[in-house]
Amino acid sequence: MAKDPYKVLGISPNATDDEVKAAYRELARKYHPDNYLNNPLSDLAEEKMQEINEAYDHIVQMRRRGAGAQYGNGTHSSDTRYNDIRNMINTGRVIDAETLLDGIPSSSRDAEWYFLKGSVLYKKGWLEDAYMHFQTASRMNPTNMEYRTAVNQMNMQRRTGGYRTPVNSHGGCSGCDMCTGLICADCCCECLGGDLIRCC
């Protein structure tokens, strides 16, 4: 990239990796597309977001290669940013992962973006939306076995009695939780002289 990526993120070249990530996340939140809906500055914010993404990727690539501050000779790749997002999803930081994904401009969203967004939606229990994102990822990159496997697994769930909501730590409830709740409600109604079936 032509610009100094450290200046784009507003940090020193001596910043630690954690400081680089923190600066990136702060700017990603600031220029998030949702902050500029129906705003005349939305195009400008999207350009800024793309510049921030490229700067972050460039810094990460340079540090992995042990390269000095050379700008303009690297090829842009979003793999580094996606690796961070995958780690967030795998460690249960679904909201953080979704914030970073949503901050990526729609023009830069590739098959990996749709797969990761589908993974976030699946973890949140929005299974039909997750299925559609997995399908899009698989259509965009039909040779990727991970994308195809996700689509096939969800197709199998649909054919064999519907989706199974993933167990998560975000307040979702399973079918067992619902049954237990109904049994408790029925007991309460009977204690009060009523019947749950008649009450409902």
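Readers should treat all values here as calculations from the given coordinates under stated rules, not as data from a laboratory. Since we're looking at a predicted model, the values are computed, not measured. Methodologically, a virtual Cβ is constructed for each residue, glycine included, from the backbone with ideal geometry; neighbour enumeration extends over all protein chains shown.
Using per-residue counts of other Cβ atoms within 10 Å, averaged over each peptide, order 19-27, 109-117 from highest down.
On the way: 19-27: 17.6, 109-117: 19.9.
Peptide ranking by packing, descending: 109-117, 19-27.
Convex hull volume per residue, computed on the Cα atoms of the range 110-165, equals 59 Å³. Tally Lys/Arg at +1 and Asp/Glu at -1 over every other residue whose Cβ is under 11 Å from the Cβ of residue 29; what's the total? Every neighbour counted, the sum reads -2. Summing Lys, Arg as +1 and Asp, Glu as -1, what charge do residues with Cβ under 15 Å from the Cβ of residue 41 carry, residue 41 excluded? Residues near residue 41 contribute -3 overall.
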